[in-house]
Amino acid sequence: MNHTWTFGKKVAAGFLISSILLVAIGAIAHQAIDELIQTSYWVTHTYQVKEKVANALSSMKDAETGQRGYLLTGEESYLDPFNSARDSATTSIRDLRVLTADSTEQQRRIDEAEKLINAKFAELKQTIDLRKQGQQEQALKVVAAGVGKRTMDDLRLVLAEMDRVEHDLLKQRAAQSDATAIRARQSILYGSLLCLAFATIVGAYLTRTLNQQIGAAVGHVQSSSAELQAAASQQAAGAKEQSGAMAEISTTIGELVATSRQIAESAMRVADIAEQTAVAAKTGDGTVERGQESIAGIRRQVDLVVDHMLDLGKKSQEIGAVLDIVGELAEQTNILAINATIEASGAGESGRRFAVVADEIRKLADRVAGATKSIRHQIDEVRSAVNATVMATESGAKAVDAGARQFTEVATAFKQIANMVSMTTDAAREIELSTKQQASAAEQVRTAVTDVAQTTRETEASSGQTLQTASQLAGLSLELRRLIQPQAN
Amino acid sequence: MDIPARATTLSELRRVFDEAFMEAVSGTRAQFDDLLAIRVRGDPYAIRLADIDGLFVERRVVPLPTPVPALLGLAGFRGQMVPVYELGQLLAYAASLEPPRWLLMAKAREPFALAFDAFDAQLHVDRAQLQQLDDSPTPARTGQTSLLAGAVRTDLLRPIIDLPALVHVLEASVAATRPANSVAHPISLPARSA
């Protein structure tokens, strides 16, 4: 059989061939039985012919017996067998003529037998009539003449020939019937054996094919069920996680909705505050302009302070010049006093008082020099302070200038702030509107997510059912595999 | 500059000045030494007032070609020309980049002057306050400790320069530069290097 045929086609082909074989066997058997019936019919037919031949001979014997009894006794009752035999013999001859219509030989013998029967009955009737007429002697003479006996012997010969012919036919037909029966039995036996062998081969083939194909299919079904089971399990787990995620998303979107509303409220408050800020910025702009005027006044005062400080520095330098002269004088005085002391020490006792004077002059010079140094130190400190003050004042002036510039920038910034606050107000209004729209959209998204979550839960339930079905399918496939392969696990 | 702590006001100064002339001249003065507090390259030194003939400032010194490194030149003092030596180089300091401002006349047979960097004050100290050089470290050069004769502690420890010893060293160094047949005084002007 073709390997591409389906199992049903293979089974159908097997059944078709088996049916053909059965039909063939049946046909052969039918023919054999038909021949056997035909043969039996002809055997029966032969037996009927033989029976009719025997009946005809028996009727003739009955007629001869009645004729003899009547002839002997003269009793009419003895004529009954003669009378019934006449009809019976006629019926038998007629039946034989019908039964042997296919045989001209037998028809010829029947004609001959019928003549002999008629001749016999004529002889018998003659004798019976003679007896009735009271011519018993005459009747016996007829009998004794032996015509009747010869006719009867001839009739026996003809009927015996017919019986022999029928007997030969019977033997021939019996042999034919036996041959037909043997052929029918052999046909049925060998046909049945052939059909059994074919059925066995086809059954084994189909069983093997069934095991192979259905086993492979069941294996595929089993593996597919396992894969389906795993997929359903994953789908169930995924659906469960998705359900959880959807719940979290729903919660988050709910929080987002609440947050959006809060943002909208905050944006509204921001817009209000921005409007107030715009008013304050305009007020601050005027304040900044007044501050600029104040800074310009401070700048002028700082310039005056710098001028005064520079004058003070110049005065300090002049004082320093005077102190240089005083210090020089003190130094010269000190030198003079020392030299005077030296000279006084060389003047002996008379110079001692002069030495005292010189020493005091030197001390005075020392004190003057010390005072001069102190004054110079203080003047230096004053000059340093003046310089530091000038530097600080100039730094202050620069700072004031920078402050003025910054105030200008602040004024510009205030104007920009006012403009930006106005823009901020508009933006806050837009944010408020957008946030409200966002809250509305988030609400819709939350509704959609809730629907999706519901769908996900249904999917989860469906996945669970799918998993259960896949498990049942896996079990069924395993059972089916065990049915076709008991050794399978 | 030493300003007495007791003369902090003008009236106090006046009182101290007057009291100085009211005291009798006593012999206790011999217990004191008068010293000049000077600085050489920033280091404090002292010179006995009895060893000098005079103190001067910013005198013009005319340089001379000479093989003696410490000889700065000639200067006029009281109508005479005297050689001027740089005290720092005599004390083994390196030569100063700027000429010293202060000068002093040393008492010697031949007059000569010593130039130094700064004059601090005149000190009137009790001799009992003078210390030996061995007692305390000095800023003097290691090779010139023979030119120092004790020290005095004021606000700083000041080694006292032994001016007579310095005269001897100077005479010896100048004599070493003279020709053998020269009869001039050892510390008078040295011979020309040529």
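The values are calculated or read from the model by the stated rules, or taken from the named source; none is laboratory data. Everything numeric here is computed off the predicted structure, so don't read it as measured data. Here Cβ is always computed from backbone atoms with ideal geometry, including for glycine, and neighbour counts include all displayed protein chains. To get the accessible areas, we keep the full protein, side chains included, count just its heavy atoms, and leave off ligands, DNA and RNA. Shrake-Rupley method; radii C 1.70, N 1.55, O 1.52, S 1.80 Å.
Within the stretch A:148-191, the set of residues being among the acidic types (Asp, Glu), surrounded by fewer than 16 Cβ atoms within 10 Å (Cβ to Cβ) and modelled with pLDDT of 85 or more comprises A:ASP153, A:ASP168.
Yes/no matrix, rows are residues, columns are (1) part of a helix (DSSP H, G or I); (2) open to solvent by 30 Å² or more (accessible area, probe 1.4 Å); (3) more than 15 Å from B:LEU170 (Cβ to Cβ); (4) hydrophobic (A, V, I, L, M, F, W, C):
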position: B:MET81; (1), (2), (3), (4): no, yes, yes, yes
position: B:ALA95; (1), (2), (3), (4): no, yes, yes, yes
position: B:GLU98; (1), (2), (3), (4): no, yes, yes, no
position: B:GLU110; (1), (2), (3), (4): no, yes, no, no
position: B:LEU114; (1), (2), (3), (4): no, no, no, yes
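Can you name the residue in the stretch A:4-16 that is over 33 Å from the mean Cα position of the chain (by Cα) and surrounded by 15 or more Cβ atoms within 10 Å (Cβ to Cβ) and is also modelled with the lowest pLDDT among such residues? Of everything passing the filter in the stretch A:4-16, A:GLY14 is modelled with the lowest pLDDT.
Residues are listed down the side, and each one gets a yes or a no for (1) within 14 Å of another protein chain (Cβ to nearest Cβ); (2) touching a residue at least 24 places away in the same chain (Cβ under 8 Å); (3) touching a His at 6+ places or on another chain (Cβ under 8 Å):
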position: A:ILE361; (1), (2), (3): yes, yes, no
position: A:ALA369; (1), (2), (3): yes, yes, no
position: A:SER374; (1), (2), (3): yes, no, no
position: A:VAL382; (1), (2), (3): no, yes, no
position: A:VAL386; (1), (2), (3): no, yes, no
position: A:VAL390; (1), (2), (3): no, yes, no
position: A:GLY403; (1), (2), (3): no, yes, no
position: A:VAL410; (1), (2), (3): no, yes, no
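All told, A:GLY291 falls short of being part of a helix (DSSP H, G or I), away from every other protein chain (no Cβ under 14 Å), closer than 30 Å to B:ALA121 by Cα and modelled with pLDDT under 85.
Scanning the stretch A:313-346 for residues that are within 13 Å of another protein chain (Cβ to nearest Cβ) and more than 25 Å from B:SER11 (Cβ to Cβ) yields a count of 14. Residue selection: B:ARG109 fails the criterion of being within 14 Å of another protein chain (Cβ to nearest Cβ) and either on the phi < 0 side of the Ramachandran plot or in contact with a Ser or Thr (Cβ under 9 Å, 6 or more places away or on another chain) (or both). Checking each residue in the stretch A:341-360 for being closer than 22 Å to B:TRP102 by Cα, open to solvent by less than 20 Å² (accessible area, probe 1.4 Å) and among the small types (Gly, Ala, Ser) picks out A:ALA344, A:ALA358.
All conditions in (1) under 14 Å from B:ILE160 (Cα atoms); (2) modelled with pLDDT of 85 or more hold for B:ALA115, with the sole exception of (1). Taken over the stretch B:1-16, the criterion of being more than 8 Å from chain A (Cβ to nearest Cβ) and at pLDDT 65 or above is satisfied by B:THR9, B:LEU10, B:SER11, B:GLU12, B:ARG14, B:ARG15, B:VAL16.
Taken together, the residues in the stretch B:56-71 that are within 14 Å of chain A (Cβ to nearest Cβ) and of a type outside the set (Val, Ile, Thr) amount to 3. Inside the stretch A:17-46, residues that are open to solvent by 70 Å² or more (accessible area, probe 1.4 Å), more than 30 Å from A:GLN106 (Cα to Cα) and without any contact (Cβ under 8 Å) to a residue 12 or more places away in the chain make up a count of 3. Between a residue in the stretch A:184-208 that is part of a helix (DSSP H, G or I) and any residue that is surrounded by 15 or more Cβ atoms within 10 Å (Cβ to Cβ) and of a type in the set (Asp, Glu), which pairs come within a Cβ distance under 8 Å, given they are 6 or more apart or on different chains? Note: pairs meeting the criteria are A:ALA184/A:GLU35.
When you scan the stretch A:110-130, how many residues do you find that are crowded, with 21+ Cβ neighbours inside 10 Å and charged (D, E, K, R)? Total satisfying the criteria: 2. Within the stretch A:233-250, the residues that satisfy the criterion of being within 27 Å of A:GLN444 (Cα to Cα) and either of a type outside the set (S, T, N, Q) or open to solvent by 80 Å² or more (accessible area, probe 1.4 Å) (or both) are A:GLY238, A:ALA239, A:LYS240, A:GLU241, A:GLN242, A:GLY244, A:ALA245, A:MET246, A:ALA247, A:GLU248, A:ILE249. Scanning the stretch A:452-483 for residues being within 30 Å of A:GLN262 (Cβ to Cβ) and modelled with pLDDT of 85 or more gives a total of 0. Within the stretch A:439-483, being farther than 21 Å from A:ALA247 by Cβ, among the small types (Gly, Ala, Ser) and either in contact (Cβ under 8 Å) with a residue 40 or more places away in the chain or not in a helix (DSSP H, G or I) (or both) holds for A:ALA470, A:SER471, A:ALA474, A:SER477.
Residues of the stretch B:40-55 that are more than 7 Å from chain A (Cβ to nearest Cβ) and either under 23 Å from B:ARG109 (Cα atoms) or outside any strand (DSSP E or B) (or both): B:ARG41, B:GLY42, B:ALA46, B:ILE47, B:ARG48, B:ASP51.
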